[in-house]
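As C-alpha cells, the structure follows; a few thoughts come after it.
The values are calculated or read from the model by the stated rules, or taken from the named source; none is laboratory data. Not measured: the values here are computed from a predicted model. Heads up, the Cβs are rebuilt from the backbone with ideal geometry, glycines too, and the neighbour counts pull from every protein chain shown. SASA here: full protein model, heavy atoms, side chains in, ligands and nucleic acids out. Shrake-Rupley method; radii C 1.70, N 1.55, O 1.52, S 1.80 Å.
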Amino acid sequence: MVSAARTLKPEPFAAGGALAVREVTHRFELEGKPLPVLDRITLDVAPGEFVALLGPSGCGKSTLLRLVAGLEPPSSGSLVFDGATIAGPDPSRVVVFQDPTLFPWRTVEANVALGLEAQGLLKTHRHRIAEALKLVGLAEFASAYPHQLSGGMAQRAALARALVNEPRLLILDEPLGKLDSLTRLAMQSELARLWAEAGFSALLVTHDVEEALILADRVVVLSGRPARILAEIEVTEARPRARDGAALVALRRDILGLLA
Ligand SMILES: Nc1ncnc2c1ncn2[C@@H]1O[C@H](COP(=O)(O)OP(=O)(O)O)[C@@H](O)[C@H]1O
Ligand SMILES: [Mg+2]
C-alpha cells in the first residue's frame, strides 16, 4: 500500500523496486569442502515494502544480502530486481553496512559525494548531496570531518551516501548494530521516517527482534546454517509503533520462540 506520506515524497527520490528471490541456494568452499550457507530461499520484497531478516549468527544473512547487492552470483536459483536478473552491483540497490566506512580525510559532504562520483554523476546531480544530508538531518554538518561525528551521525552520513544514489532498494546489514542502545532507538525512528519519506523498498538484516518489529512490514525468520525460511510474519500495526504494545510484544515472543 502506498501511504499518504509516500505520495508527498520529495523529488528526486525514486520509488521502491520489486525484488524476487527464487529458490536461491548458496555454498562456499571451506578447506576443500562445500559449506552450504543458503538453502532454497524464496523471498519477495514488494515495491516500497520494508522486510526484515532475522536469524542466528552465521546462518547466511549477510551472504543473502551480498547476492541481492550483486556482489556475487548464487550457486543456484535466481535473483530478479524490477524484472531484470541481478548480475552485479547497481546504484539502484545500495548496501549500508554496520561500519559506516567514511573516508577520514573527506568532509561529510565529500563522503556523500562519493556515491555520485562513482557513477560520474557529480557534475549534473550535485544538488542531491544537500538533499540527502537534509533527509538524514546532517545539513549543518556538511563541512565536518568524520572524527567530529558521533557514531549515530557517522551512520547517518553513510545513509546519506547511499541515498544520494536514489536507491530503489536499500539493503541494510545490521546498520545500527554498533550503536549504543539509546542512539539505536533514535536511529530506528530516523530509519522509519527516511523510508516513509524517500519511498525506497528496504531489506534489513538485524539481530534485534524489536528493531525488526518496529520497522518492518514483514519479518522473515531464518534457521541456522544453511539458512532456510522458518516463518514469515506480517506486522500490520500502524506506525509509529509502540515497542511495548500488546501486538508487538506477542509477536516478539513468537519470534524468540522460533529463534530459540
Ligand atoms: N567468502 C566466504 N568464504 C567462505 N565462507 C564464507 C564466506 N563468507 C561467509 N562465509 C561463511 O558463511 C556463513 C554465513 O556467513 P554470513 O552470511 O556472514 O552469516 P550472518 O550474516 O548470518 O552472520 C558463515 O559460516 C561464514 O563463515
Ligand atoms: Mg552478517
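Between GLU140 and GLN119, what is 0.36 nm times their sequence separation minus the Cα-Cα distance? Round to one decimal in nm.
Working: separation 21, 0.36 × 21 = 7.56 nm, distance 2.56 nm.
Roughly 5.0 nm would be gained on extension.
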*Starting from the residue with the highest accessible area, list TRP195, TRP105 in decreasing order, probe 1.4 Å.*
TRP105, TRP195
*What's the angle, to the nearest 10 degrees (0 to 90), between helix 108-117's Cα axis and the longest principal axis of the chain?*
70
*Please work out, to two decimal places, the log10 of the ratio I(q)/I(0) at q = 0.12, 0.14, 0.17, 0.22 Å⁻¹ from a Debye calculation in which every Cα of the stretch 102-166 carries one identical scatterer.*
-0.23, -0.31, -0.46, -0.77
*What does the accessible area of SER143 come to, in Å² to the nearest 10, when a probe of 1.4 Å is used?*
90
*What is the gain in length, in nm to one decimal, between ARG243 and THR101 on full extension, counting 0.36 nm per residue of separation less the C-alpha to C-alpha distance?*
48.1 nm
*Counting only the heavy atoms of the protein chains, how much of SER150 is accessible to a 1.4 Å probe, in Å² to the nearest 10?*
60
*Kindly list the residues of the stretch 71-87 that lie in the label zone of ARG22, defined by a backbone N under 13 Å from the point 7 Å along the Cα-to-C-beta vector.*
77-86
*Quantify, in whole percent, the carbon and sulfur part of the accessible surface of the stretch 102-166 (1.4 Å probe; protein heavy atoms only).*
56
*asked:* Heavy atoms of the protein only, probe of 1.4 Å, neighbouring chains included. What is the accessible area of ARG252 in Å², nearest 10?
replied: 110
*May I have the extent of the alpha carbons of the chain along their three principal axes, as whole Å values ordered from largest to smallest?*
47, 46, 35
_Cα-based helix-to-principal-axis angle, 246-259 vs the chain, degrees rounded to 10_ = 60
*Whole-Hz ³J(HN,Hα) from phi, Karplus 6.51 cos²θ - 1.76 cosθ + 1.60, for the stretch 15-27, glycine and proline x*: 6, x, x, 10, 10, 10, 9, 10, 6, 7, 10, 9, 9
*What percentages, rounded to whole numbers, describe P(r) for the stretch 57-196 computed over all alpha carbon pairs with 10 Å bin width beginning at zero?*
12, 40, 35, 13, 1
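What whole-number volume per residue, in cubic angstrom, does the convex hull of the C-alpha atoms of the stretch 188-260 give? Before the final figure, lay out each step's value.
On the way: hull volume 6.5 nm³, N = 73.
Dividing the Cα hull volume of the stretch 188-260 by its residue count gives 89 Å³.
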*Rolling a 1.4 angstrom probe over the protein heavy atoms, how many square angstrom per residue are accessible across the chain?*
47
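Computed over the Cα atoms, what is the radius of gyration of the stretch 98-139 divided by 2.2 N^0.38 Å, N being its residue count? Please report the intermediate quantities before stating the final value.
Working: Rg = 10.4 Å, N = 42, 2.2 N^0.38 = 9.1 Å.
The value comes to 1.14.
Based on the alpha-carbon gyration tensor of the stretch 114-210 and its eigenvalue square roots a ≥ b ≥ c, which shape applies: rounded if a/c is under 1.5, prolate if not and a/b is larger than b/c, or oblate? If you can, show how the numbers build up before the last one.
Working: a/c = 1.98, a/b = 1.35, b/c = 1.46.
Since a/c reaches 1.5 but b/c is at least a/b, the shape of the stretch 114-210 is classed as oblate.
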*Would you mind counting up the charge near LEU19? Only other residues with Cβ under 10 Å from its Cβ, with Lys and Arg at +1 and Asp and Glu at -1.*
-1
_Going by Cα centres, the stretch 29-75 and the stretch 103-155 are how many Å apart?_
29
